[in-house]
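Following: one structure in structure tokens, then a few remarks.
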Amino acid sequence: MDKHHIVAGLDLGTSKVSVVIAEVSPEKKINIIGVGESSSEGMRHGVVINLEKTINSIKTAVHDAQVMAGIEIGPICVAVTGEHIKGMASKGVISIGSRNEGITNADVERVRESAKGIAIPTEREIIHTLTQDFIVDNQPNIVDPVGLMGMRLEAIIYIITGSSLALGNIKKAVERAGLVVDMMVIQSLASSYAVLDSEEMHQGVCLLDIGGGVTNIAIWYGGSLRDIGLVKLGGEAITRDIAMGLATSRTYAEKIKIEKSAAHPSYLDLEEIIEIPGTAGRGPRKINTEKLYDVVEARVEEMLDFSYRRIKRSEYAHNLASGLVVTGGCANLKGILEVGEELFELPMRVGIPTNDLSGMVEAVSSPSFSTCVGLIKYTVMDKEENNVKRIYTSQDTFMDRLKKWISDFF
Ligand SMILES: Nc1ncnc2c1ncn2[C@@H]1O[C@H](COP(=O)(O)OP(=O)(O)OP(=O)(O)O)[C@@H](O)[C@H]1O
Ligand SMILES: [Mg+2]
């Protein structure tokens with residue numbers, strides 16, 4: 001990478017399709033130059049349910065981003081999610097023998113290949129193979145084994161696979177919209193790169209990306225992705241409940257959710273009266289804010305409780321020293337942190353994907369852009385290794401970053 005190059009990311013969400021175009025410098029600095037968004041009607045829970053509508057949403061978002069950037073994009077990195085995506089840790093073992101130079105890059109490649117050599121059913125394909133751990137002569141948590149002396153090298157690789165059919169439909173939609181898929185990245189991994197910092201990834205953190213239709217979960221520990229999960233609930237369920245509970249249209253329910261609702265009473269005047277337009281020719285009605293709060297709070301609590309139960313099943317559930325980071329459009333909902341912290345009994349913060357960016361940062365400074373911005377960050381990493389390499393490595397201390405910042409500045 002010796003000159004500026006262009007990278008583009010596409011997020012096919014349940015609520016919206018978004019595209020981000022960035023210019024990346026040889027030093028891997030990301031400059032956002034184009035952003036496009038369109039409403040998504042052809043996707044549900046990460047799966048294409050209407051090909052033509054999906055193609056049109058992609059075309060609109062890509063067109064807007066290209067006009068803003070003033071360029072046409074080439075290959076694009078696409079975020080994928082859905083119940084069909086599964087993660088599984090696999091172990092590889094090789095014998096090194098006794099040699100003077102210790103473990104070599106070729107050995108690392110060989111042990112990774114050995115871990116990857118498990119049978120994958122024909123209807124599934126591999127999306128990621130991420131190194132979780134190296135073990136040298138029974139000594140675990142080796143970050144980089146190259147150069148170390150040892151007789152036996154083990155690698156734990158987290159293999160993420162998805163249904164070939166579901167991924168094939170996404171590829172087809174992208175190609176029919178006139179683009180080429182550069183690579184596919186699971187949503188929770190992309191969002192993680194946008195909003196988590198390396199210290200959190202190292203200490204243990206859980207990312208919750210709560211979108212319109214789904215909640216994507218990613219658990220990080222020791223600098224590696226350890227577990228992924230999905231709950232088929234998001235902000236649309238809250239909107240649906242408001243529409244039902246207050247007997248109004250989905251459109252008005254969405255508006256009132258964003259403008260007037262909260263999941264915690266500290267953000268509301270529960271006595272306040274709200275006027276609700278009636279449906280099917282009925283006149284408007286007046287309701288207490290408390291009624292709106294009851295509906296929203298119940299759904300948010302249930303939604304987070306599903307995530308809580310999924311996280312509890314993970315063997316890393318007790319390794320979340322950095323708590324949780326919530327992102328996705330629902331992270332905008334007032335009071336979600338209070339409900340989450342009480343339920344998880346862990347600290348929680350909102351993740352907004354603006355770190356280490358320049359250019360049109362304002363256009364992506366919302367939690368609903370985490371996946372798209374994360375795709376750019378993932379693309380910027382060293383792809384050759386086909387492995388997770390953080391922009392800041394887990395060994396980067398605050399002082400390293402400060403030194404880097406000072407040297408960049410002068
Ligand atoms: N200020 C806000 N308050 C409450 N909810 C909000 C707010 N802003 C956005 N949302 C909700 O966020 C959801 C959309 O989030 P996002 O854009 O992350 O979804 P998506 O990526 O399209 O969907 P998914 O990830 O589920 O496929 C919608 O349900 C929307 O109502
Ligand atoms: Mg999303």
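The values are calculated or read from the model by the stated rules, or taken from the named source; none is laboratory data. Computed from a predicted structure; not experimentally measured. Methodologically, a virtual Cβ is constructed for each residue, glycine included, from the backbone with ideal geometry; neighbour enumeration extends over all protein chains shown.
Matching residues to (1) buried (at least 18 other Cβ atoms within 10 Å of the Cβ); (2) touching a strand residue (DSSP E or B) at 6+ places or on another chain (Cβ under 9 Å); (3) closer than 14 Å to D11 by Cα:
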residue	(1), (2), (3)
Y158	yes, yes, no
S163	yes, yes, no
V174	yes, yes, yes
M183	no, yes, yes
I186	yes, yes, yes
S191	yes, yes, yes
A194	yes, yes, yes
M201	yes, yes, no
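Against the list (1) over 22 Å from A194 (Cβ atoms); (2) surrounded by fewer than 23 Cβ atoms within 10 Å (Cβ to Cβ); (3) within 16 Å of ligand 2 (Cβ to nearest atom), the condition T54 fails is (2).
Of the conditions (1) assigned to a loop (DSSP other than H, G, I, E, B); (2) more than 27 Å from G213 (Cα to Cα), K286 fails just one. Which one is it? Condition (1) is where K286 drops out.
When N216 is tested against (1) in contact with a helix residue (DSSP H, G or I) (Cβ under 9 Å, 6 or more places away or on another chain); (2) away from ligand 2 (no atom under 13 Å from the Cβ), only condition (2) is not met.
Going by the conditions given, is I76 over 30 Å from N31 (Cα atoms) and either in contact with a helix residue (DSSP H, G or I) (Cβ under 7 Å, 6 or more places away or on another chain) or of a type in the set (A, V, I, L, M, F, W, C) (or both)? Against the criterion (over 30 Å from N31 (Cα atoms) and either in contact with a helix residue (DSSP H, G or I) (Cβ under 7 Å, 6 or more places away or on another chain) or of a type in the set (A, V, I, L, M, F, W, C) (or both)), I76 does not qualify.
Annotation note: of A243, A194, A237, A253, the sole residue that is under 14 Å from V326 (Cα atoms), in a helix (DSSP H, G or I), within 15 Å of ligand 1 (Cβ to nearest atom) and of a type in the set (A, V, I, L, M) is A194. Going by the conditions given, is G213 more than 9 Å from ligand 1 (Cβ to nearest atom), modelled with pLDDT of 95 or more and either out of contact with any Cys (no Cβ under 8 Å at 6 or more places or on another chain) or closer than 13 Å to K291 by Cβ (or both)? So G213 fails the test.
For the stretch 300-346, a residue qualifies if it is within 16 Å of ligand 2 (Cβ to nearest atom) and outside any helix (DSSP H, G or I), and the qualifying residues are V325, V326, T327, G328, L333.
Remark: E254 falls outside the filter, which requires a residue to be among the acidic types (D, E) and modelled with pLDDT under 95.
When R99 is tested against (1) among the basic types (K, R); (2) more than 16 Å from A155 (Cβ to Cβ); (3) at pLDDT 95 or above, just one condition goes unmet, and that condition is (3). Scanning the stretch 82-121 for residues that are in contact (Cβ under 8 Å) with a residue 40 or more places away in the chain and among the polar types (S, T, N, Q) gives S90, S95, S98, T104, N105, S114.
Yes or no, residue by residue, for (1) within 16 Å of ligand 2 (Cβ to nearest atom); (2) in the same structural domain as N100 (by TED's automatic domain parsing):
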site	(1), (2)
I156	no, yes
E175	no, no
L189	yes, no
L207	yes, no
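Taken over the stretch 79-112, the criterion of being outside any strand (DSSP E or B), within 17 Å of D133 (Cα to Cα) and not aliphatic (A, V, I, L, M) is satisfied by T104, N105, D107, E109, R110, R112. Candidates are the residues of the stretch 162-191 that are among the polar types (S, T, N, Q) and farther than 20 Å from G374 by Cβ; the one that is farthest from ligand 1 (Cβ to nearest atom) is S164. Report yes if S39 is outside the structural domain of Y316 (by TED's automatic domain parsing), surrounded by fewer than 24 Cβ atoms within 10 Å (Cβ to Cβ), within 14 Å of ligand 2 (Cβ to nearest atom) and under 16 Å from A177 (Cα atoms), otherwise no. The answer is yes for S39. A count restricted to the stretch 206-220 and to residues that are part of a strand (DSSP E or B) and crowded, with 24+ Cβ neighbours inside 10 Å stands at 10.
Selection of first residues in the stretch 21-35 that are modelled with pLDDT of 95 or more and of second residues that are among the basic types (K, R) and not in a strand (DSSP E or B), restricted to Cβ pairs under 6 Å at least 6 apart or on distinct chains, gives an empty result.
Please determine whether any residue of the stretch 41-60 is touching a Gly at 6+ places or on another chain (Cβ under 8 Å), of a type in the set (G, A, S) and farther than 22 Å from S366 by Cβ. No, the stretch 41-60 has no match at all.
Residues being out of contact with any Asp or Glu (no Cβ under 9 Å at 6 or more places or on another chain) and more than 8 Å from ligand 1 (Cβ to nearest atom): count how many of those fall in the stretch 7-27. Residues flagged as out of contact with any Asp or Glu (no Cβ under 9 Å at 6 or more places or on another chain) and more than 8 Å from ligand 1 (Cβ to nearest atom) within the stretch 7-27 amount to 7.
Scan the stretch 280-300 for residues that are surrounded by 13 or more Cβ atoms within 10 Å (Cβ to Cβ) and either over 36 Å from the mean Cα position of the chain (by Cα) or not assigned by TED's automatic domain parsing to the domain that holds L246 (or both) and the total you get is 3.
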